[in-house]
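The values are calculated or read from the model by the stated rules, or taken from the named source; none is laboratory data. Because the structure is predicted, anything quoted here is derived from the model rather than measured. Reconstructed Cβ throughout: ideal geometry from the backbone, glycine too, with neighbour counts over all protein chains shown. Side chains are part of the model used for accessible areas, which takes the heavy atoms of the whole protein and leaves out ligands, DNA and RNA. Shrake-Rupley method; radii C 1.70, N 1.55, O 1.52, S 1.80 Å.
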Amino acid sequence: MVAKADWPRPQLVALQEILSLWNRNMKRRSSSEHVGGDENGHQMLSCEPPREKDTKVELGKKVTLLSGISVIVGIMIGAGIFISPKGILKYSGSIGMSLIVWIACGVLSLFGALSYAELGSYIKKSGGHYTYLLEAFGPHVAFVKLWADVTVIRPAGMAVICLAFGQYILEPLFMPCDIPPTAVKLATAIGLTSVMYTNSMSVIWTARIQIFFTLCKLVAISTITIPGLYQFFKGETHNFENAFQINNIKLSTLPLAFYSGMYAYSGWFYLNFVTEEIHNPERTLPLAICISMAIVTTCYVLINVAYYTVMSVEEVLASEAVAVTFAKKLMGDFSFAMPVFVAMSCYGSMNGSVLALSRTFLVASREGQLPEVYSMIHIRRNTPIAAVLILYPLTMLQLFLGDIYSLLNFMSFLRWLSIGVVVLGLIYLRYTRPDLPRPFKVPIFIPVVFSLTCFFMVFLSLYSDPLNTGIGFAISLTGIPAYYIFVHVNRRPKWLQRALDSINRSLQILLEVVPPEQ
């Protein structure tokens, strides 16, 4: 444990006040409840202090192989595969080529996931992209990524997932009428609040909820694939005739098909955000990644085969929600359940994203690039409650005030740029720090191929939408002056430092958080 004398005075004062409030609360509770027991079995008050293992403030290693798989699968399989998996079909030009693109994108994503598994096996810190950029290229590059995440990317991305949840959870109640926008935003706010509450209260229950909603996603996919494959093996294969007809294949737009496919597979990196909380990360991390990628790739290919068995190319391209159209054609009245499945899929993605992203902010605070309160842990629940709640007001602001989809359009390229630079950092560390122990190591061609793929995606973003990509790049560059203003300052004015200490102390008392014990 870190000695109290080593803590800054504002933290120590806040800790004393928190413990004082906690002790008074425990005394009140003890006056109305008996604890312990005598030799006759009667309960009695105990004056013994709590055991160290019960009071140690830390996150702990609570992510098992099953919950790790649920985090990856639960975030990767979002609403897109149920609503609009038609981008690949549109740009590839044929059913056969679209299935090849789905498989190829799964293999390329596996290359990226294995590269991250190697990084996670010897950089045993949480934080994902941020941590790996910090280790390979230093605090300047890492802060630029963090700045873009906090200000725009993560709140906008969360808002889009939340809005999809609000839309589809209400759809069965309003069929066939349109849903009022106010009702959608209200349902969205309730869903987001419940996710934040769960992540703030318990890591174990957050993991259990993630497992539950991941199972729900797999049930939803099975509800589509089993009837579809049944029709396929019955002989309903007329949509697959001339599946590889060369005249329909569009070589000029084929790169855009790969772009759509790689976006559909994004999310395989989220388990690296919670590395410090994984049981035996050297084994669990690569195993969870490989199993998850096999599950997701199989699900994506089979669900598309099911779609093409029941629906023609024209019907798939014209549908606003492919899974709902599929259900109406094959299941009749049962189709009302499909929007509920989509909403549950979105909720699982929201829950997993908050679990993972909060650890990035925790690590950034620990590195001195965010206020120190975000690296602190709740004294009883052992959750990083401050790091969890940082996204809450920003996402709410995006929901009610921001033009979310425009933000996503001009910031999407940053995802591939940062991932490509991270994997490039793996190659860089291979040569600059060859002595690092690497329990899991991939062949060098895997990170090389994947980093080239990421930079190709960045080029496609520049080519297809140079204006919005340029705006996004300019926003990310504002992180450079922000670093020197907020982080790289050696001496702050005394009045500013006193104000920051006071805010930090007040938040500690309000949230009941302290620095984790070492």
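Note on residue 433 and residue 243: their simple-model spin labels are 4.6 nm apart, each label 7 Å out from Cα toward Cβ. Rounded to the nearest 0.05, what FRET efficiency do residue 312 and residue 140 give with R0 = 51 Å and r taken as the Cβ-Cβ distance? Could you check? So the FRET efficiency works out to roughly 0.45. Residue 63 sits with roughly 10 Å² accessible to a 1.4 Å probe, with DNA, RNA and ligands left out of the calculation.
Extending 7 Å from the Cα toward the beta-carbon at both residue 484 and residue 467 defines two label points whose distance is 3.2 nm. Per residue, segment 172-315 exposes 47 Å² of solvent-accessible protein surface, assessed with a 1.4 angstrom probe and all protein chains in place. Once all protein chains are placed together, residue 178 keeps about 140 Å² accessible to a 1.4 angstrom probe. If the chain linking residue 441 and residue 496 were pulled fully straight, counting 0.36 nm for each residue of separation and taking away their Cα-Cα distance, it would gain 15.1 nm. Of the residues 457, 201, 175, the one with the largest accessible area comes first in the ranking 175, 201, 457, computed with a 1.4 Å probe on protein heavy atoms.
What is segment 359-469 by shape, rounded, prolate or oblate, if you read a ≥ b ≥ c off the alpha carbon gyration tensor as root eigenvalues and call it rounded for a/c under 1.5, prolate for a/b larger than b/c, and oblate otherwise?
Details: a/c = 3.10, a/b = 1.13, b/c = 2.73.
In terms of gyration-tensor shape, oblate.
For segment 176-231, a/c is not less than 1.5, where a ≥ b ≥ c are the root eigenvalues of the C-alpha gyration tensor, and a/b does not top b/c. That puts it in the oblate class.
Taking 22 Å as the cut-off for C-alpha to C-alpha distance, list the pairs among 62/185; 62/125; 217/328; 145/217; 62/145; 90/185 that go past it.
Values: 62/185 33 Å; 62/125 15 Å; 217/328 19 Å; 145/217 31 Å; 62/145 28 Å; 90/185 31 Å.
With Cα atoms farther than 22 Å apart: 62/185; 145/217; 62/145; 90/185.
Compared with the direct C-alpha span, the chain from residue 380 to residue 174 gains 69.9 nm at full extension, assuming 0.36 nm per residue. Each distinct pair of alpha carbons in segment 253-346 adds a 1/r term; the inverse of their mean, the Kirkwood radius, is 16.0 Å. Normalised by 2.2 N^0.38 Å, where N is the number of residues, the alpha-carbon radius of gyration of segment 88-136 equals 1.65.
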